[in-house]
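Data first, discussion second: the structure below is written as structure tokens.
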Amino acid sequence: MRLLVSVVDPEEAQMALAAGVDILDVKNPAEGSLGAPSPETVRRVRAVTPPHVPLSVALGDLPNLPGTAALAAYGAARLGATYVKVGLWGVSTESEALTLLEAVRSACAEFPDVRVIACGYADADRLPHRPLAPLRLPAVARAAGVHGCMLDTALKDGRRLWDFLSETDLRAFVEAAHRAGLLVALAGSLRAEDLPRVRDLGADVVGVRSAACRGGHRSGPLDVERLQRLRALLPSRRDE
């Protein structure tokens with residue numbers, strides 16, 4: 001299982017690289033769970049990231065606007081993203097999610113090394129507009145022909161992935177995604193002690209931000225000791 005750490009600038013990227021993280025993820029926590037960074041931030045982080053280290057870019061908690069999503073994905077791909085993460089915030093049905101994901105996949109078609117990741121929300125039921133049910137994500141991602149799927153939490157109030165989906169549901173999610181040939185990533189206010197549990201579920205990638213930050217707060221700066229602890233819990237595997 002690979003370790004993904006979210007960063008907000010080149011300085012944090014260099015800290016995470018020094019700690020040996022497998023995947024750098026650029027996002028803006030101030031704009032939400034999957035808040036999109038500025039193009040300049042992506043450009044500067046890509047400049048300090050070795051070519052062999054995958055770079056993930058969050059496109060945002062996206063509304064149901066396929067054209068907007070496609071344009072954001074194209075920009076991220078042009079800036080050197082390896083993975084583009086599509087937050088399925090504004091879609092409630094499988095049909096809507098499929099249309100949006102296909103638009104993103106099509107926008108990235110001229111970049112053969114760019115992989116699209118469909119991101120759903122484990123706590124979708126807490127949101128008034130009820131985004132796509134998280135357990136439907138593998139089927140939609142497979143139908144859209146994207147590379148993988150990820151579960152996160154939409155509301156960052158300290159509640160974790162486990163507070164919304166049982167271990168049985170999470171295991172079924174991972175197994176369904178793998179049967180569909182998809183990469184599987186799990187996130188959602190996870191702590192260091194959660195990493196072995198995520199690995200045991202069979203996830204390919206575990207994503208963290210708050211667990212790597214000073215004081216455990218996602219809005220704080222990355223902390224070297226926390227990064228080192230996270231890295232020590234998982235053997236490094238910077239390969240595809």
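Of all residues in the stretch 137-159, those satisfying the criterion of being modelled with pLDDT of 95 or more, aliphatic (A, V, I, L, M) and surrounded by fewer than 20 Cβ atoms within 10 Å (Cβ to Cβ) are Ala139, Ala143.
One line per residue, one yes/no per condition, for (1) farther than 23 Å from Cys119 by Cα; (2) buried (at least 22 other Cβ atoms within 10 Å of the Cβ); (3) touching a residue at least 24 places away in the same chain (Cβ under 8 Å); (4) within 17 Å of the chain's Cα centre (by Cα):
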residue: Gly188; (1), (2), (3), (4): no, yes, yes, yes
residue: Asp194; (1), (2), (3), (4): no, no, yes, yes
residue: Val198; (1), (2), (3), (4): no, yes, yes, yes
residue: Gly202; (1), (2), (3), (4): no, no, yes, yes
residue: Val206; (1), (2), (3), (4): no, yes, yes, yes
residue: Ala211; (1), (2), (3), (4): no, yes, no, yes
residue: Gly215; (1), (2), (3), (4): yes, no, no, no
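Filtering the stretch 76-87 to residues that are small (Gly, Ala, Ser) and assigned to a loop (DSSP other than H, G, I, E, B) leaves Gly80, Ala81. If we keep just the residues of the stretch 2-25 that are touching a residue at least 40 places away in the same chain (Cβ under 8 Å) and assigned to a strand (DSSP E or B), which is farthest from Ala185 (Cα to Cα)? Looking at the filtered set, the residue picked out is Val7.
Evaluate the stretch 24-42: report whether one residue or more is closer than 16 Å to Ala144 by Cβ and among the hydrophobic types (A, V, I, L, M, F, W, C). Don't jump to the end; show me each part of the working.
Within the stretch 24-42, the subset closer than 16 Å to Ala144 by Cβ is none.
So far as the stretch 24-42 goes, no, none of its residues is closer than 16 Å to Ala144 by Cβ and among the hydrophobic types (A, V, I, L, M, F, W, C).
I'd like the residue in the stretch 26-53 that is part of a loop (DSSP other than H, G, I, E, B) and among the aliphatic types (A, V, I, L, M) and, out of all such residues, is surrounded by the most Cβ atoms within 10 Å (Cβ to Cβ). Of everything passing the filter in the stretch 26-53, Leu34 is surrounded by the most Cβ atoms within 10 Å (Cβ to Cβ). For Pro131, the conditions (1) surrounded by fewer than 22 Cβ atoms within 10 Å (Cβ to Cβ); (2) in contact with a Leu (Cβ under 8 Å, 6 or more places away or on another chain) are fulfilled apart from (1).
Residue check: Trp162 meets all listed conditions (1) modelled with pLDDT of 95 or more; (2) surrounded by 15 or more Cβ atoms within 10 Å (Cβ to Cβ); (3) not β-branched (Val, Ile, Thr) but one, namely (1). Yes or no: Ser56 small (Gly, Ala, Ser) and buried (at least 18 other Cβ atoms within 10 Å of the Cβ)? Taking the combined requirement at face value, the residue satisfies it. The set of residues from the stretch 203-217 being of a type in the set (A, V, I, L, M) and in a helix (DSSP H, G or I) comprises Ala211, Ala212. Considering the stretch 88-135, the residues that are touching a residue at least 60 places away in the same chain (Cβ under 8 Å) and either among the β-branched types (Val, Ile, Thr) or in a strand (DSSP E or B) (or both) include one that is farthest from Phe173 (Cα to Cα), namely Arg115.
Give me the residue from the stretch 59-76 that is more than 18 Å from Glu110 (Cβ to Cβ) and without any contact (Cβ under 8 Å) to a residue 40 or more places away in the chain and, out of that set, surrounded by the most Cβ atoms within 10 Å (Cβ to Cβ). Looking at the filtered set, the residue picked out is Leu62. Among the residues of the stretch 148-177, those identified as in a helix (DSSP H, G or I) and touching a helix residue (DSSP H, G or I) at 6+ places or on another chain (Cβ under 8 Å) are Leu161, Trp162, Glu167, Asp169, Leu170, Arg171, Ala172, Phe173, Val174, Ala176, Ala177. In the set Ala58, Ala73, only one residue is among the aliphatic types (A, V, I, L, M) and part of a helix (DSSP H, G or I); that residue is Ala73.
Residues being in contact with a Leu (Cβ under 8 Å, 6 or more places away or on another chain) and outside any strand (DSSP E or B): count how many of those fall in the stretch 178-193. Outline the logic, then answer.
Of the residues in the stretch 178-193, the ones in contact with a Leu (Cβ under 8 Å, 6 or more places away or on another chain) are 185-190, 192.
Checking the rest, the ones that are also outside any strand (DSSP E or B) come to 187-190, 192.
So the count comes out to 5.
The values are calculated or read from the model by the stated rules, or taken from the named source; none is laboratory data. The structure displayed is predicted, hence computed values, not measured ones. Glycine gets a Cβ as well: all are built from the backbone with ideal geometry, and neighbour counts include every protein chain shown.
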